[in-house]
Amino acid sequence: MIIDTHAHYDDEAFNPDRDALLNSMAENGIEKVVNVCASISELYRTVELMEKYPFVYGAVGVHPDDASQMTQDTLDEICRLSRMDKMVAIGEIGLDYYWHKEEQEHEVQKKMFAAQMDIAREEKLPFMIHSRDAAEDTLEIVKGYMQGGMYGGIIHCFSYSKEIAAQYLKMGLYLGIGGVVTFKNARKLKEVVEYAPLSQIVLETDCPYMSPEPNRGKRNSSLNLPYVAQAIADLKGITAEKVIQVTRQNALELLAL
């Protein structure tokens with residue numbers, strides 16, 4: 001059975017058939033799903049999903065896109081929600097300089113990233129990090145926190161070089177691998193997956209985004225994860241069953257599912 005460590009089933013893309021899709025997970029080999037908050041408005045939608053579906057867990061946090069809208073009240077609410085049963089991580093948090101080019105915005109993002117990492121430490125929860133076009137700043141912040149008192153984490157949708165991956169792996173962190181690894185032009189990620197020990201990889205979809213081949217461009221869901229497992233297996237010269245087994249155990253241990 002497969003564990004999807006990063007999904008967004010509260011997204012409006014699932015409005016037409018959310019219940020039917022989620023109720024089909026077990027029969028299609030999906031054991032557990034972690035629904036991950038992104039925007040401030042999504043904090044409570046994740047709570048609703050994990051309360052409705054026994055196999056859905058939650059991660060609570062605010063994506064860097066919403067950093068400028070965050071207040072102390074937002075942080076207090078993240079802290080409160082993180083104590084709920086089945087809330088297993090702080091995320092997705094981090095830095096995104098792709099859409100936000102201004103230095104002032106970067107400083108706001110870094111401040112809110114650090115504030116949410118503080119919550120992860122205080123509440124003894126792992127973190128889920130989003131990082132896009134912000135490799136150096138993300139690594140610097142994570143290194144600082146991993147000096148002590150943190151409880152592990154996932155670099156979600158890992159997209160940087162093998163050299164940067166090596167530094168995260170040395171800190172004992174996990175790489176979230178999804179549909180991009182199946183793309184023909186994903187040479188850099190394929191190198192990372194070949195290099196990284198399977199014991200530090202978890203499967204994820206980021207659905208409804210990032211559908212793997214052969215469904216690239218369509219709405220993604222956890223049902224596509226066998227394609228990701230097979231791509232990792234092919235790169236490592238092992239079976240997809242082995243990938244599913246080890247990544248499942250990784251997720252169970254890190255997220256205390």
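The values are calculated or read from the model by the stated rules, or taken from the named source; none is laboratory data. Just so we're clear, the structure is a prediction, and the values are computed from it rather than from any experiment. Glycine gets a Cβ as well: all are built from the backbone with ideal geometry, and neighbour counts include every protein chain shown.
Residue-wise test of (1) of a type in the set (A, V, I, L, M); (2) touching a strand residue (DSSP E or B) at 6+ places or on another chain (Cβ under 9 Å).
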{"residue": "GLY61", "(1), (2)": "no, yes"}
{"residue": "SER68", "(1), (2)": "no, no"}
{"residue": "THR74", "(1), (2)": "no, no"}
{"residue": "GLU77", "(1), (2)": "no, yes"}
{"residue": "HIS106", "(1), (2)": "no, yes"}
{"residue": "ILE119", "(1), (2)": "yes, yes"}
{"residue": "PHE127", "(1), (2)": "no, yes"}
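The rows are residues; the columns are (1) in contact with a helix residue (DSSP H, G or I) (Cβ under 9 Å, 6 or more places away or on another chain); (2) more than 23 Å from ILE40 (Cβ to Cβ).
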{"position": "ILE90", "(1), (2)": "yes, no"}
{"position": "GLU107", "(1), (2)": "no, no"}
{"position": "PHE113", "(1), (2)": "yes, no"}
{"position": "LYS124", "(1), (2)": "no, yes"}
{"position": "MET128", "(1), (2)": "no, no"}
{"position": "SER131", "(1), (2)": "yes, no"}
{"position": "ALA134", "(1), (2)": "yes, no"}
{"position": "GLU140", "(1), (2)": "no, yes"}
{"position": "CYS157", "(1), (2)": "yes, no"}
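Do you know which residues across the stretch 148-173 are surrounded by 22 or more Cβ atoms within 10 Å (Cβ to Cβ) and either at pLDDT below 95 or under 15 Å from THR205 (Cα atoms) (or both)?
Of everything in the stretch 148-173, those that are surrounded by 22 or more Cβ atoms within 10 Å (Cβ to Cβ) and either at pLDDT below 95 or under 15 Å from THR205 (Cα atoms) (or both) turn out to be ILE154, ILE155, HIS156, CYS157, PHE158.
Scanning for something free of Cβ contacts under 8 Å to residues at least 40 places away in the same chain, surrounded by fewer than 18 Cβ atoms within 10 Å (Cβ to Cβ) and either touching a Cys at 6+ places or on another chain (Cβ under 8 Å) or basic (Lys, Arg) (or both), does the stretch 63-82 turn up at least one residue?
Yes, there is a match, as at least one residue in the stretch 63-82 is free of Cβ contacts under 8 Å to residues at least 40 places away in the same chain, surrounded by fewer than 18 Cβ atoms within 10 Å (Cβ to Cβ) and either touching a Cys at 6+ places or on another chain (Cβ under 8 Å) or basic (Lys, Arg) (or both).
Among the residues of the stretch 108-116, is there at least one that is under 22 Å from VAL202 (Cα atoms), free of Cβ contacts under 8 Å to residues at least 40 places away in the same chain and not in a strand (DSSP E or B)?
Looking through the stretch 108-116, none of the residues is under 22 Å from VAL202 (Cα atoms), free of Cβ contacts under 8 Å to residues at least 40 places away in the same chain and not in a strand (DSSP E or B).
What number of residues within the stretch 50-62 are within 15 Å of CYS207 (Cα to Cα) and part of a helix (DSSP H, G or I)?
Residues in the stretch 50-62 being within 15 Å of CYS207 (Cα to Cα) and part of a helix (DSSP H, G or I): 0 in total.
Can you give me the ranges of the strands (runs of 3 or more DSSP E) entirely in the stretch 142-257 with at least 3 residues that are out of contact with any strand residue (DSSP E or B) (no Cβ under 7 Å at 6 or more places or on another chain) and closer than 18 Å to SER131 by Cβ?
Filter on the stretch 142-257 gives an empty set.
Quick one: TYR57 ticks every box in (1) free of Cβ contacts under 8 Å to residues at least 12 places away in the same chain; (2) buried (at least 19 other Cβ atoms within 10 Å of the Cβ) bar one, so which box is it?
Among (1) free of Cβ contacts under 8 Å to residues at least 12 places away in the same chain; (2) buried (at least 19 other Cβ atoms within 10 Å of the Cβ), TYR57 violates only (1).
Starting from the stretch 223-247, take each residue that is without any contact (Cβ under 8 Å) to a residue 12 or more places away in the chain and list its partners that are among the acidic types (Asp, Glu), counting only C-beta distances under 9 angstrom and pairs at least six apart or across chains.
Filtered contacts from the stretch 223-247: ALA233/GLU241.
Could you list, in sequence order, the residues of the stretch 20-44 that are at pLDDT 95 or above and crowded, with 18+ Cβ neighbours inside 10 Å?
LEU22, MET25, ILE30, LYS32, VAL33, VAL34, ASN35, VAL36, CYS37
With the structure loaded, tell me whether SER131 is within 16 Å of HIS6 (Cα to Cα) and assigned to a loop (DSSP other than H, G, I, E, B) or whether it fails that test.
No, not satisfied.
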